[in-house]
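Below: one structure, written as structure tokens.
The values are calculated or read from the model by the stated rules, or taken from the named source; none is laboratory data. The model shown is predicted, which means the values in this text are computed figures rather than measured ones. Virtual Cβ from ideal backbone geometry, glycine too; neighbours counted across all protein chains shown. Ligands, DNA and RNA are excluded from the accessible area calculation, which covers all protein heavy atoms including side chains. Shrake-Rupley method; radii C 1.70, N 1.55, O 1.52, S 1.80 Å.
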Amino acid sequence: MKSDLKNVTIIGSGAWGSALADLVQRNDCHVQIWSRQSQSSLAALVSNSDAIISAVSIKGVRTIAEKLQTAKLLPHAVLVSATKGLEPTTGKTPSQIWQSLVPNHPLVVLSGPNLSKEIMEGKPAATVVASYNDDAAQFIQNIFASRNFRVYTNSDPIGVELGGTLKNVIAIAVGACDGLNLGTNAKSALIARSLIEIIRVGVYFGAQPETFWGLSGLGDLLATCNSNLSRNYQVGYAIAQGLSLDEAIAQVQGTAEGVNTANVLIEISDREKISVPVSRYVYRLLKGEITLQQAVEGLMERDLKPENLENLEL
Ligand SMILES: NC(=O)c1ccc[n+]([C@@H]2O[C@H](COP(=O)([O-])OP(=O)(O)OC[C@H]3O[C@@H](n4cnc5c(N)ncnc54)[C@H](O)[C@@H]3O)[C@@H](O)[C@H]2O)c1
Ligand SMILES: O=P(O)(O)OC[C@H](O)CO
């Protein structure tokens, strides 16, 4: 069933904003795209929007949310956050920033295994729209769903959001693993153990552990760790080829959020004493504290322990 929604504003005209605009357009919505290069006023543009979708990098989220805080929105306007990152200064997720600055509108998080290039090519994909407000989630489900884009609702926005955010750090590790040609066993072990540490962090943020077995957790982890379309994977792969972090970032097109996310995650895990061994080795590698070879040895030589899947928080 298609919604009768007509006016949608997409904020951010990068790879993801453009792909999301394309998806909404397929459903006959009236779509307007705004970016920081636009001459038009964002406040004027959103004044008649039924849905406002933010697809900017994490560094732009607070600025954009502050602009909308003072804008006059339609009372029923739904906000959608499609960013996968953590704010450096506060450690907040994008949805937490949105919620704190624009609290009077329902918020939906959109996240899943969604490499924008494949979506632009019309290849089949699925995603999750998560909200504490079921009506808002269904509303957004209907404006995005199409023959090639299957959209699920979910009621754990923080879990859905963190699945998409934390896997970016792991994609750097897996890109490096592939760049070193360490093999399928190593890669599979890295992905499986990383999912456990993602869940540990998720639980700290108040997410439901089971959310991470879904599309936005395991699904996005697999997509990002198995595709050289992923910018985060590309960063890890390039480092394994001997490039510096700056050189790796320079050769990647668009934003690799995992680099910043690793910094913020390590601050949080140090403060809250959350064990995140894979992410920590990524962080130390990116900081230049260790070589890639030392990271591999460090992970393999950790103390032996039970797999302990019954108590993922430990
Ligand atoms: N590309 C994908 O496949 C994909 C898929 C899902 C989610 N995402 C997430 O979407 C977000 C954007 O990714 P992208 O691929 O479009 O990146 P991109 O680099 O192509 O575009 C980034 C966008 O953010 C805007 N931006 C950056 N800093 C800003 C600031 N300070 N103020 C205002 N706007 C600012 C840019 O103008 C641009 O529109 C990221 O969090 C990414 O993880 C990307
Ligand atoms: O290119 P990446 O690494 O930002 O990944 C893009 C999407 O998050 C994949 O779902």
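Solvent-accessible surface (1.4 Å probe) assigned to Phe149 amounts to roughly 0 Å².
Figure note: Thr93, Thr291 ranked by solvent-accessible area, largest first, 1.4 Å probe, ligands and nucleic acids not counted: Thr291, Thr93. Legend: residues Leu218, Leu245, sorted from most to least accessible area (1.4 Å probe; ligands, DNA and RNA excluded), read Leu218, Leu245.
Which of rounded, prolate or oblate describes the chain when judged by the alpha-carbon gyration tensor and an a/c cut-off of 1.5? Judged from the Cα gyration tensor, the chain comes out prolate (a/c at least 1.5, a/b above b/c). The residues of the chain have, on average, 46 Å² of accessible surface per residue, using a 1.4 Å probe with all protein chains present. By the helix-only formula, in which each DSSP H run with n ≥ 4 contributes -39500 (n - 2.57) and the sum is divided by residues, the chain has a 222 nm mean residue ellipticity of -15000 deg cm²/dmol.
Remark: region 201-209, residue by residue, has Karplus-estimated 3J(HN,Hα) of 5, x, 4, 4, 7, x, 7, 7, x Hz, where x stands for each Gly or Pro and the curve is 6.51 cos²θ - 1.76 cosθ + 1.60 at θ = phi - 60°.
Backbone amide hydrogens, once placed in the peptide plane, bring Val108 within less than 5 Å of Leu79, Val80, Ser81, excluding anything fewer than 5 places away on its chain.
Taking packing as the residue-averaged number of other Cβ atoms within 10 angstrom, the listed peptides 163-171, 255-263, 111-119 run from highest to lowest as 163-171, 255-263, 111-119.
Could you tell me what percent of the accessible area of region 151-243 is made up of carbon and sulfur, with a 1.4 Å probe and every protein chain present?
Of the solvent-accessible surface of region 151-243, carbon and sulfur hold 51 percent.
Of all DSSP beta bridges confined to the chain, the antiparallel ones make up roughly 15%. Computed on protein heavy atoms with a 1.4 Å probe, the accessible areas place Leu79, Leu299 in the order Leu299, Leu79, largest first. Using alpha carbons only, how many angstrom separate the centre of region 231-278 from the centre of region 129-159? With region 231-278 and region 129-159 each reduced to a Cα centre, they are spaced 29 Å. In terms of its alpha-carbon gyration tensor, region 7-165 comes out rounded; the largest-to-smallest axis ratio a/c stays below the 1.5 threshold. In straight-distance terms, cross-link reach from Lys273 covers every one of the aspartates and glutamates whose alpha-carbon lies under 16 Å from its own, apart from those fewer than eight places away in the same chain; here that gives Glu197, Glu313.
Bridgeable aspartates and glutamates around Lys59 (alpha carbons under 20 Å apart, same-chain partners fewer than 8 residues away excluded): Glu87, Glu161, Asp246, Glu257, Glu267.
For the chain, find the longest principal axis of its Cα atoms and tell me its angle to the long axis of helix 58-69, 0 to 90°, nearest 10. With both axes taken from Cα atoms, the answer is about 20 degrees. Amide H contacts for Arg150 (H built 1.01 Å from N in the peptide plane; partners 5 or more residues away or on another chain; cut-off under 5 Å): Ala125, Ala126, Thr127.
The Cα atoms of region 67-127 give a gyration tensor whose axes a ≥ b ≥ c have a/c of 1.5 or more with a/b no greater than b/c, which makes the shape oblate.
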